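Just so it is clear, none of the values below were taken in a lab; they were calculated from the coordinates. Treat the numbers as computed from the prediction; the structure is a model and nothing was measured. Note that each Cβ is placed from the backbone with ideal geometry, even for glycine, and that neighbours are counted across all protein chains shown.
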Amino acid sequence: MGKFYVTTPIYYVTAKPHIGHAYTTVIADILARWHRLKGEKVFFLTGTDEHGGKVEKYAADAGKSPKEFVDDVANSYKFAWDSLNISYDKFIRTTDKEHEVAVQRFANLIWDNGDIYKSKYEGWYCLPDETFIPDSEITDEKCPYCGRPVQRLQEDAFFFSLSRYREPLLRVFDENKTFLMPKSRYNEILNRLNDELKDLDITRKSVKWGIQFPPSPDHTIYVWFDALLNYISALGWPDGENFKEFWPADVHVVGKEIAWFHSVIWPAMLLAGDISLPKAVLSHGWWTVDGKKMSKSLGNVVDPMDIIKRYSEDAFRYFLIKEKPIWEDGDFSEKALVSRINGELVADLGNLVSRVLTLASRYKGEIAGDIDLENADIDKISSLFDSFDVTGALEEVWKFIRSVNKYINDKEPWKLEGAELGRVLNNSLEAIRVIAILLEPFMPASAVKIREQLGVRETKFSDIKLSTFNGSVKRGENLFKKYD
């Protein structure tokens, strides 16, 4: 039996989760569920990033201690992921003791290896993004990524010798052309890597809310250096059984804005610690609203909890994956969501299940016969999953759903009787059973409802083939509601 280790970023706890966080997490959940369906042993990690100067500031503004503040926000993420039916195996917080111990152990390791040295940092720093910005990228003293004002810092600091790993990183990119996906992001990061790679300031003296840097306890460890280590600390690095079994990660799922951290800084840290590199980094596109990047100041942040309450978690999951290619940016609108619910979830899937189960529940004869319906293209779906193209995989599932609808329209079972009706019902019910298996990674709650109405047990990957239906049909409520 194979293994599969998938991660989301750990989300920064300065606000509740929004649609971008939900999108990343749903992608990872779909991948985790697919590999479980195949019988593999899966570890799916998500969590929250809870240190840094920004957290100190937000906590003070809220009149709370940093720990009180991060506890509240971390709980909002857990509640959102439970509401979205996210099947994570572990939710890590960077305030967890096991994580803090691992971070300090790693810092000591690469200090002893000579990869950390003391110097002075002077330069620009974006507090909202917790990111150091080179002088060459600054215009009008504003962050090139978020557009907010940056501050000039000067203090004693400890640096990680990132520049030492430029050539090894270039070899990683050269030897593994799918290390960072999509290809456009790979080329973008490779171009940056071909330029000068500067050493990274990994401590802050002015920030107290963080993990102490062991060689100099009056410094705390830079929040990004701390956060990236969650991927191994959650597995019990260096001696934990989970680390031995699941590392290296099969894929880190991240937004494109943090591709640099995950494909350059993180691999360099691992090389410094003599730890295997992850197999792939999947860097997806952004969600915009009316063509604009989401922003609290613009008031256009999409709260996934609001969408789930008005519609359903499966409708939202479906829309996130189906509405745009995973590699590209896409625009969110409630009108588009309703259109997909009515036009695809209700008309294609819901109507198929409803009319077949209605006919089957009324039929008193034998449901059996030869298979004259082509099965879903499992090889193509599997291939798309292997390349992490969950949008393409869902589109293939939907092609099968539409082909089954066409089969029923062509056969007109409502006009048939006896053995011929039993044969068409068998093929249609079997097709719906297969559809339920294929939909489980994408819409798990709907898959359960379909299985319950079919009266079939929970199934596995090897059951994705049309055979003789042996369930017990019990027509239930419609899968989805139509909206004006």
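Couple of notes before you dig in:
- The requirement of being touching a Leu at 6+ places or on another chain (Cβ under 9 Å), of a type in the set (A, V, I, L, M), crowded, with 21+ Cβ neighbours inside 10 Å and under 30 Å from Phe385 (Cβ atoms) is satisfied by Ala28.
- Phe442 meets all of the listed conditions (1) under 23 Å from Glu313 (Cα atoms); (2) part of a helix (DSSP H, G or I); (3) not acidic (Asp, Glu) but one, namely (2).
- Only a single criterion out of (1) in contact (Cβ under 8 Å) with a residue 60 or more places away in the chain; (2) more than 20 Å from Ala32 (Cα to Cα) is not satisfied by Leu270, namely (1).
For every residue, the table says whether it meets (1) buried (at least 17 other Cβ atoms within 10 Å of the Cβ); (2) under 30 Å from Val251 (Cβ atoms).
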residue: Leu357; (1), (2): yes, no
residue: Glu366; (1), (2): no, no
residue: Asp370; (1), (2): no, no
residue: Leu394; (1), (2): yes, yes
residue: Val404; (1), (2): yes, no
residue: Leu416; (1), (2): no, no
residue: Ala419; (1), (2): no, no
residue: Arg423; (1), (2): yes, no
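- Of all residues making up the range 250-302, the number that are of a type in the set (A, V, I, L, M, F, W, C), under 26 Å from Lys41 (Cα atoms) and in contact with a helix residue (DSSP H, G or I) (Cβ under 9 Å, 6 or more places away or on another chain): 9
- Of all residues making up the range 106-146, the number that are of a type outside the set (Phe, Trp, Tyr), surrounded by 14 or more Cβ atoms within 10 Å (Cβ to Cβ) and either without any contact (Cβ under 8 Å) to a residue 40 or more places away in the chain or out of contact with any Cys (no Cβ under 7 Å at 6 or more places or on another chain) (or both): 18
- Count of the range 157-195 residues which are under 28 Å from Gly285 (Cβ atoms), out of contact with any Leu (no Cβ under 6 Å at 6 or more places or on another chain) and not in a helix (DSSP H, G or I): 7
- Listed by position, the strands (runs of 3 or more DSSP E) contained in the range 224-294 that have at least 3 residues being closer than 24 Å to Lys90 by Cα are 251-255, 281-284.
- Restricting Glu395, Glu458 to residues that are at negative phi, within 30 Å of the chain's Cα centre (by Cα) and part of a loop (DSSP other than H, G, I, E, B) narrows the list to Glu458.
- Criterion violated by Lys324 - all others in (1) part of a helix (DSSP H, G or I); (2) buried (at least 19 other Cβ atoms within 10 Å of the Cβ) satisfied: (1)
- Residue check for Tyr363: touching a residue at least 60 places away in the same chain (Cβ under 8 Å), hydroxyl-bearing (Ser, Thr, Tyr), touching a helix residue (DSSP H, G or I) at 6+ places or on another chain (Cβ under 7 Å) and more than 29 Å from Arg36 (Cα to Cα): yes
- With respect to being touching a residue at least 40 places away in the same chain (Cβ under 8 Å), in a helix (DSSP H, G or I) and charged (D, E, K, R), Asp314 fits the description.
- Positions within the range 320-329 being in contact with a helix residue (DSSP H, G or I) (Cβ under 9 Å, 6 or more places away or on another chain) and either closer than 14 Å to Leu439 by Cβ or in contact (Cβ under 8 Å) with a residue 24 or more places away in the chain (or both), in sequence order: Leu320, Ile321, Lys322, Lys324, Pro325, Ile326, Trp327, Asp329
- For Asn75: the one exception among (1) crowded, with 16+ Cβ neighbours inside 10 Å; (2) free of Cβ contacts under 8 Å to residues at least 24 places away in the same chain: (1)
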